[in-house]
Structures are given as structure tokens and as C-alpha cells.
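Engineer: Shown below is the structure under consideration.
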Amino acid sequence: MKTYDLIVVGGGASGLCAAIEAKHRARAEGKALSVLVLEKEKYPAKKLLATGNGKCNFANRDISISHYYGETQLAQAVFSRYPASEVPGFLRGLGVPAYDDGSGRLYPVSRKAAGVADALTAGAKSAGAAILCGCGANTIDKTAEGYLVNGEFFAPALILATGSRAGEGFSDCRTFSFLRQLEVPYSPEIPALCGLLLAQEYPRSLKGARQIGALRLQCDGKDGAWQRGEIQFNEKGVSGIPVLQASLEAGPFLHRGRKVVLTLDLLPDFSVRTLAEEAARQARRGEEIPAERKMTAFLPKPLWLYALKQSGLSPAKPLPGDGQALRRLAQNMKWASWLVTGLAGPAQTIRGGAGAAALEETLQAGSSPGLFLCGETVDVTGACGGYNLMWAFCSGRAAGAQAVKYLLEKKRN
């Protein structure tokens with residue numbers, strides 16, 4: 001059996017940050033603590049490589065807690081000790097300069113996620129942590145003295161940073177089975193930051209259309225917030241950044257079997273009246289031109305044809321001069337609504353994990369001294385825009401620091 005002071009299970013963003021902070025904190029206390037990172041993949045931080053479409057949006061200048069869902073009070077407690085505003089400086093210290101895209105979203109100057117993954121890995125190794133890749137945790141046993149992983153690695157303190165099944169190729173993640181095994185209460189795993197599946201009435205003919213618009217969910221009869229951006233239509237539903245944001249609201253309701261309705265404002269900068277007046281003008285011009293060739297500067301053709309169909313108008317015939325028919329057309333150009341039937345993968349992250357009922361503000365499991373959680377193992381989920389990586393970095397650092405504090409107090413006693 002190989003013994004260490006601290007084992008970090010999971011070599012992703014939060015796990016590597018935990019290892020870095022633990023080594024630095026121990027050194028600051030004048031102590032030499034051995035830290036082992038166990039990573040099941042061939043190399044650390046594999047999931048990080050896919051973030052931001054490979055560009056790695058690692059932080060945001062807007063650090064309001066309103067961008068988080070789940071156990072927000074627990075998140076606030078962590079951020080009070082390791083502020084999200086410190087993330088750019090922390091990464092700069094590892095050799096990752098930040099680039100602001102103008103919206104407040106921060107990326108590495110190279111716009112390459114590999115640079116961030118390499119910097120975190122090098123930072124952990126240079127701090128003195130051992131990283132063992134291709135060695136995932138299969139079993140974690142709690143003993144009176146500490147934690148035994150795979151019957152081979154032992155430490156009096158352990159940080160669970162095993163992430164989630166979100167993303168391509170991570171379906172074998174065992175986070176929730178470990179939580180059950182260690183008797184840590186948790187909220188159920190629900191996909192988040194993903195597309196929405198719509199009812200059968202949703203027309204597959206919209207596949208491939210894209211439109212800058214706005215959307216709002218009505219969850220169990222209660223209206224949610226408007227989300228604005230590019231809406232992407234596929235064969236079974238919708239995706240795009242505003243849809244991903246909305247999925248954070250929809251997931252828990254769908255999980256409980258509650259009713260969720262999606263409303264789209266396809267032309268948020270135009271009123272129904274303005275659209276009806278424009279349709280009337282175009283009806284008067286080129287009276288023999290078929291309707292399918294009108295108004296396509298307002299909507300992509302699939303959406304325009306859908307609006308015509310919903311209005312009972314033939315694409316092959318000219319637009320009518322009837323004012324009532326054109327007002328109905330304007331309504332269907334602007335508004336569309338469908339019942340949401342599910343979430344469409346792959347999800348970028350999850351909702352769920354251990355929460356305040358299981359964890360202290362130090363991220364230590366209340367029922368298991370020496371066991372700390374961070375990243376996606378905790379029920380804290382951020383919106384699009386770098387918020388989940390900010391949580392990974394800050395919660396990882398918090399868990400690493402608190403694990404060292406626990407070990408030093410244990411040795412003194």
C-alpha cells in the first residue's frame with residue numbers, strides 16, 4: 001500500500017487547482033506534505049480542452065453570484081475566501097495571460113484550451129504533486145485513519161474532484177456512485193447547458209435555421225427570464241447560447257415531470273404592428289411575386305415558410321391584401337411556442353451533487369472528516385460565460401487549502 005498525506009481523485013481543472021493550492025499552502029506553513037493526483041484519462045484536464053469550443057473561456061469580468069444555480073450560499077462562502085476576481089491573476093501566475101473578447105469573457109491569449117491545461121499540469125508538477133494518469137479510482141473506502149483508493153493508495157485526507165458525465169466521452173464518470181459509497185447526501189444529476197427537445201408539433205423543416213432572437217421558458221406556469229442571442233434550430237428542437245442558459249431553469253422541472261413551455265420572440269426588435277405594416281407594403285409591391293420570396297430579409301426561409309403555414313397562407317401565391325390576414329402573419333413571424341419534452345445532449349455540465357446539507361463551508365463532508373469536494377461534485381452550476389471554470393478553480397483551491405489545514409490540525413492533535 002502506497003501512503004500519501006493527501007490524495008486528489010480527478011486531474012481536471014478543480015483537481016489540479018486543489019493539488020497546486022495544497023502544496024503551496026503546506027510550503028507556506030513550512031511543512032512538506034505529499035500529494036497524489038489520480039487521473040483516469042491518459043493525460044490531465046482532458047475535459048478542459050473542449051471548453052469554449054477549444055478556446056477555453058476560463059473566467060468573466062462580471063462575477064455576480066446571480067450567474068450561479070444550486071447551492072449559491074455555499075458558492076458565495078467559497079468565493080468569499082477565494083474570489084472569482086482572482087482567477088485571472090492565479091492563471092497569470094501559472095503563465096496564462098488573459099484576453100478579453102470585449103464582452104467581459106476571458107480567454108487565454110492563444111485562444112487555445114491546451115495552453116491552460118498544460119499550465120495547470122505543469123503548475124501541479126512544479127509544486128511537487130505527483131500525477132498518476134491512466135489510473136482512475138474504482139473504489140474508495142473510508143477507514144478510521146483515512147481513505148483507501150483501489151485498495152492500493154492511502155491518505156488521511158482525500159479530495160473528490162471527479163467531475164461529471166457531462167461532455168463527450170465522460171459517460172463512465174463515477175462521482176455519484178462515490179458519493180453513495182461514502183454516504184454523502186446529494187441532489188440528483190441533471191444535464192445542464194444543453195439543447196431542448198420540443199414536442200411533436202415542432203416542425204423538422206426548421207432544421208438548420210438560425211436566428212438572433214429571444215426566448216423565455218414558462219416552468220410550471222411561472223415565467224422565467226428572457227434570454228437573447230442566436231437560436232439554432234435542429235431536427236428535434238433548439239440549441240444555441242440562450243437555449244443553453246434556459247436549460248439551467250428547465251432541467252429541474254423536467255426532472256420532476258413538470259410542464260415546461262418555450263416561447264420564442266424571433267424578431268425582438270420589431271413589433272407585430274411594424275411587421276404587419278411591412279407585410280402590407282410588400283404585398284402592394286410586386287403583386288405577382290409568390291409569398292415565399294417576400295420578407296426573407298426578416299427571417300431565414302425555413303422560419304418564413306413556417307410563419308406562412310401557421311397563418312394559412314400559400315408560399316406559392318402572392319401575399320394577401322387583407323389586413324387581418326397580415327396581422328396574423330406578423331404574429332406568427334414574431335412569436336412561436338412549443339412544449340419542451342426533454343434535454344438534448346451532450347450537456348456541457350450538470351446540476352446536482354453534494355450541497356449544504358452534506359458539506360461545511362470549507363467543502364469538507366460533515367459526516368466524513370478529511371473528505372473534501374470541489375468542482376462538479378458540488379451542487380453549484382454556472383451559466384455560460386466562464387462561470388463553471390471559475391467555480392472549478394476557486395472551489396479546487398479552497399478544497400486544497402482546507403485539506404492542508406485539516407491535516408496540520410490532525411498532526412498537532
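Engineer: So for the chain, averaging the separation of alpha carbon pairs under 8 Å that are six or more residues apart and normalising by length, what relative contact order in percent results?
Structural biologist: Answer for the chain is 25 percent.
Engineer: May I ask you to order 52-61, 396-405 by the average number of other C-beta atoms within 10 Å around their residues, highest value first?
Structural biologist: Values: 52-61: 19.6, 396-405: 27.2.
Going by the mean number of other Cβ atoms within 10 Å, highest first, we get 396-405, 52-61.
Engineer: Let me ask something else. With the contact rule set at Cα under 8 Å and sequence spacing of 6 or more, what percent relative contact order holds for the range 244-356?
Structural biologist: It comes to 39 percent, rounded to a whole number.
Engineer: Relative to the first principal axis of the alpha-carbon coordinates of the chain, what is the inclination of helix 323-334, with its axis defined by its Cα atoms, in degrees from 0 to 90 and to the nearest 10?
Structural biologist: The answer is roughly 20 degrees.
Engineer: Within 12 Å, Cβ to Cβ, of GLU235, how many net charges do the neighbouring residues add up to if Lys/Arg are +1 and Asp/Glu are -1?
Structural biologist: Numbers: positive: ARG204, LYS207, LYS236; negative: none.
So the environment of GLU235 carries a net charge of +3.
Engineer: Where the only charges are on Cβ atoms (+1 Lys, Arg; -1 Asp, Glu), what is the dipole of the range 103-195 about its Cα centre, to the nearest 20 debye? It would help to have the intermediate numbers written out before the result.
Structural biologist: Numbers: 8 positive and 8 negative charges, 89 e Å.
Dipole magnitude for the range 103-195 comes out near 420 debye.
Engineer: Okay, next question. Quick one: Karplus J couplings for the range 65-80, per residue in order, coefficients 6.51, -1.76, 1.60, θ = phi - 60°, nearest Hz, x for Gly and Pro?
Structural biologist: Listing the rounded values in order: 5, 5, 8, 10, 10, x, 7, 5, 5, 5, 4, 4, 5, 5, 5, 5 Hz.
Engineer: For LYS309, give me every one of the aspartates and glutamates with a C-alpha distance below 15 angstrom, ignoring sequence neighbours fewer than eight places off in its own chain.
Structural biologist: GLU201, GLU292
Engineer: Please go through the residue pairs LYS259/LYS301; LYS125/LYS405; LYS31/LYS125; LYS42/LYS405 and name each one whose alpha carbons sit more than 23 Å apart in this structure.
Structural biologist: Numbers: LYS259/LYS301 30 Å; LYS125/LYS405 21 Å; LYS31/LYS125 17 Å; LYS42/LYS405 31 Å.
Too far apart for the 23 Å limit: LYS259/LYS301; LYS42/LYS405.
Engineer: For the range 251-278 and the range 369-413, what is the separation of their C-alpha centers, rounded to whole Å?
Structural biologist: Using only Cα atoms to place each centre, the spacing works out to 39 Å.
Engineer: Now a separate question. Assuming R0 = 41 Å, can you tell me the calculated FRET efficiency for the pair ARG412 and ARG180, based on Cβ-Cβ distance, to the nearest 0.05? The partial results should precede the final answer.
Structural biologist: Numbers: r = 33 Å, r/R0 = 0.81.
E(calc), rounded to 0.05, equals 0.80.
Engineer: Please list the radius of gyration and Dmax for the range 206-330, considering alpha-carbon atoms only, with Å as the unit.
Structural biologist: Over the range 206-330's Cα set, Rg and Dmax evaluate to 16.5, 53 Å.
Engineer: I've got another one for you. Among [x] 5, 24, 34, 25, 10, 2, 0; [y] 5, 22, 30, 25, 14, 4, 1, 0; [z] 5, 21, 26, 19, 13, 8, 5, 2, 0, 0, only one was calculated for this model; which label is it, if the read-out is P(r) over Cα pairs in 10 Å bins from 0, in percent?
Structural biologist: [z]
Engineer: While we're here: Would you kindly find the accessible area of LYS294, with a 1.4 Å probe and non-protein molecules such as ligands, DNA and RNA excluded, rounding to the nearest 10 Å²?
Structural biologist: So the heavy atoms of LYS294 present about 20 Å² to solvent.
Engineer: In addition: Around ALA344, which amide H atoms from residues at least 5 apart in sequence, or from another chain, sit under 5 Å from its own amide H, with H modelled in the peptide plane?
Structural biologist: Placed amide hydrogens put GLY195, LEU196, LEU197 under 5 Å from ALA344.
Engineer: Quickly work out the LEU339-to-THR274 label distance, labels modelled 7 Å from Cα along the C-beta direction, and quote it in nm with one decimal.
Structural biologist: About 3.4 nm, to one decimal.
Engineer: Assuming a viscosity of 0.692 mPa s and a temperature of 37 °C, what translational diffusion coefficient in µm² per second does Stokes-Einstein assign to the range 300-413, Rh being the Kirkwood radius over Cα pairs?
Structural biologist: Details: Rh = 19.1 Å.
Result for D is 172 µm²/s.
Engineer: Moving on. If you count, for each residue, the other Cβ atoms within 10 Å and average over each peptide, how do 240-248, 34-42, 354-362 line up from highest to lowest?
Structural biologist: Output ranking for 240-248, 34-42, 354-362: 240-248, 34-42, 354-362.
Engineer: Can you give the Rg to Rh ratio of the range 12-103, both from alpha-carbon atoms, with Rh computed by the Kirkwood formula?
Structural biologist: 0.98
Engineer: Still on this structure, I have one more. Once the other residues with Cβ under 14 Å from the Cβ of ASP100 are scored (Lys, Arg +1; Asp, Glu -1), what is the net sum?
Structural biologist: +3
The values are calculated or read from the model by the stated rules, or taken from the named source; none is laboratory data. Just so we're clear, the structure is a prediction, and the values are computed from it rather than from any experiment. Counting neighbours? That spans all protein chains shown, and the Cβs are built from the backbone with ideal geometry, glycine included. When the accessible area is computed, the model is the full protein with side chains, heavy atoms only, and any ligands, DNA or RNA have been set aside. Shrake-Rupley method; radii C 1.70, N 1.55, O 1.52, S 1.80 Å.
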